[in-house]
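Q: Quick one: the structure is below, questions incoming.
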Amino acid sequence: MTDTPRPRRSALYMPASNAKAVDKARTLACDTVILDLEDAVAPEAKEAARAQAVEAVKAGGFGRRELVIRVNGLDTPWGKDDLKAAAEAGPDAVLVPKVNCAADVQAYHSALHAAPAATRLWAMIETGRCLFRLDEIAAASETTRLSGWVMGTNDLAKEMRARQTPGREPFHAALGLAVAAARAYGLSILDGVYNALEDDAGLEAVCEQGVDFGFDGKTLIHPRQVEICNRVFSPSEGEVAWARAVIAAFALPENAGKGAIRVEGRMAELLHLGQAERLVAVAEAIAAT
Ligand code: COA
Ligand code: MG
């Protein structure tokens, strides 16, 4: 049996400088709240945003929602102070941008030395260089706080000079390899954002694609995106029913010791039993929210 997975279907970013948005996040159905100090905050607002993020974490009121601060990089004028402030605030995770290699992960890990033990390190996967070092970056989780990745598809598109097509063809290699590397080391991994704020059908399609790739959830930029994302990233009734049927079939005395059996006209192997157990655990964790 796999350990209980924490639902991370929807992770909503907001500029930490936007007090109204931060307040609204306390009432939204997102699983994760990301208080951003980086891309969404203009240079002149960086210091105020940092103070507001710390204040928001200390004030609490986010209930079951996982709380994350995204800091500026250590190669910027704000990174060091952001990391110090984030470590003191002690959110569930600190998300760091533009990681290129395992040494970068180590540097962020060191910068968080004063953070509570429970504060995890998450990294953005958003540079061309990191795509060729996914294995070593994921392996750094064995000696650091690293426990999650977030795709930064806007930055990746900028670096690659790629177009953000509806099917995201330019990013298929990066998305698939990142999920595979994350899974190889037990990291959670969230998909990138969808910029078209009013295109619900487009959002739904790209959420479906994220599920197809194996992402745990998706990062979002607006409250109206939360409901669609939560729905698509929740196992469907049919999927849960199938999973329960597989679990029940393997539990039958006549199937004891078998590696492959027939369930409702389809083959199920022991590997499918493992998948089914995980899917039911995810569905139960979601139901408990
Ligand atoms: N999180 C929480 N609340 C948000 C929000 C967010 N990401 N985006 C908007 N809201 C709130 C607004 O504060 C407003 O609240 P109100 O009804 O109480 O006044 C309401 O939702 C409607 O906002 P709206 O007018 O539709 O948004 P906008 O046009 O002012 O802003 C964006 C659009 C894109 C600038 C804004 O949604 C945003 O800043 N998104 C996040 C950007 C980000 O963090 N990027 C970094 C990662 S890529
Ligand atoms: Mg970015």
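The values are calculated or read from the model by the stated rules, or taken from the named source; none is laboratory data. Just so we're clear, the structure is a prediction, and the values are computed from it rather than from any experiment. Don't worry about glycine lacking a Cβ; one is built from the backbone with ideal geometry, like all the others, and counts go over all protein chains shown. Surface accessibility is based on the protein's heavy atoms, side chains included, excluding ligands, DNA and RNA. Shrake-Rupley method; radii C 1.70, N 1.55, O 1.52, S 1.80 Å.
Q: Here is a check on your reading of the model: is Thr32 farther than 21 Å from Gly152 by Cα, in contact with a Leu (Cβ under 8 Å, 6 or more places away or on another chain) and among the β-branched types (Val, Ile, Thr)?
A: Spelling it out, it is not the case that Thr32 is farther than 21 Å from Gly152 by Cα, in contact with a Leu (Cβ under 8 Å, 6 or more places away or on another chain) and among the β-branched types (Val, Ile, Thr).
Q: Might you check whether a residue that is touching an Asp or Glu at 6+ places or on another chain (Cβ under 8 Å), of a type in the set (Phe, Trp, Tyr) and open to solvent by less than 50 Å² (accessible area, probe 1.4 Å) occurs anywhere in the stretch 204-213?
A: no
Q: Right, here's the next one. Search the stretch 66-93 for residues being basic (Lys, Arg) and open to solvent by 40 Å² or more (accessible area, probe 1.4 Å), and hand back the single one that is nearest to ligand 2 (Cβ to nearest atom).
A: The qualifying residue nearest to ligand 2 (Cβ to nearest atom) is Lys80.
Q: Do any strands (runs of 3 or more DSSP E) lying entirely in the stretch 200-289 carry at least 3 residues that are outside the structural domain of Gly176 (by TED's automatic domain parsing), and which ones are they?
A: It comes to 260-263, 266-269.
Q: Within the stretch 52-68, track down each residue that is free of Cβ contacts under 8 Å to residues at least 24 places away in the same chain and assigned to a helix (DSSP H, G or I).
A: Passing the criteria: Glu55, Ala59.
Q: Any idea which of Ala181, Ala173 is more than 16 Å from ligand 2 (Cβ to nearest atom), among the hydrophobic types (A, V, I, L, M, F, W, C), surrounded by fewer than 15 Cβ atoms within 10 Å (Cβ to Cβ) and assigned to a helix (DSSP H, G or I)?
A: After applying the criteria, what remains is Ala173.
Q: How many of the residues in the stretch 26-43 are outside any loop (DSSP other than H, G, I, E, B) and either without any contact (Cβ under 8 Å) to a residue 60 or more places away in the chain or more than 11 Å from ligand 1 (Cβ to nearest atom) (or both)?
A: Number of matching residues: 5.
Q: Is there any pair linking a residue in the stretch 158-179 that is of a type outside the set (S, T, N, Q) to one that is loosely packed, with under 11 Cβ neighbours inside 10 Å, with Cβ under 8 Å and at least six apart or on different chains, and which?
A: Pro170/Arg163
Q: Of the residues that sit in the stretch 156-170 and are open to solvent by less than 30 Å² (accessible area, probe 1.4 Å) and within 13 Å of ligand 1 (Cβ to nearest atom), which one is nearest to the chain's Cα centre (by Cα)?
A: Checked the stretch 156-170; the qualifying residue nearest to the chain's Cα centre (by Cα) is Leu156.
Q: Return the residues of the stretch 154-170 that are over 14 Å from Met124 (Cβ atoms) and of a type outside the set (S, T, N, Q); say none if nothing qualifies.
A: Across the stretch 154-170, the qualifying residues are Met160, Arg161, Ala162, Arg163, Pro166, Gly167, Arg168, Glu169, Pro170.
Q: If you don't mind, there's one more thing I want to ask. Which one is most open to solvent (accessible area, probe 1.4 Å) among residues in the stretch 135-155 that are away from ligand 1 (no atom under 16 Å from the Cβ) and charged (D, E, K, R)?
A: Here the residue is Glu142.
Q: Ok, one more. Of the residues Asp216, Asp191, which single one is closer than 27 Å to Pro5 by Cβ and within 15 Å of ligand 1 (Cβ to nearest atom)?
A: Exactly one residue qualifies, and that residue is Asp191.
Q: What number of residues in the stretch 13-45 are surrounded by 20 or more Cβ atoms within 10 Å (Cβ to Cβ) and within 16 Å of ligand 2 (Cβ to nearest atom)?
A: Total meeting the criteria: 10.
Q: Let me ask another. Looking at Ile261, Ile247, Ile221, which one is open to solvent by 60 Å² or more (accessible area, probe 1.4 Å) and either in contact (Cβ under 8 Å) with a residue 12 or more places away in the chain or not hydroxyl-bearing (Ser, Thr, Tyr) (or both)?
A: Ile221
Q: So in the stretch 94-118, with the set limited to residues that are surrounded by fewer than 21 Cβ atoms within 10 Å (Cβ to Cβ) and not hydrophobic (A, V, I, L, M, F, W, C), which one is nearest to ligand 2 (Cβ to nearest atom)?
A: Ranking the candidates gives Asn100 first.
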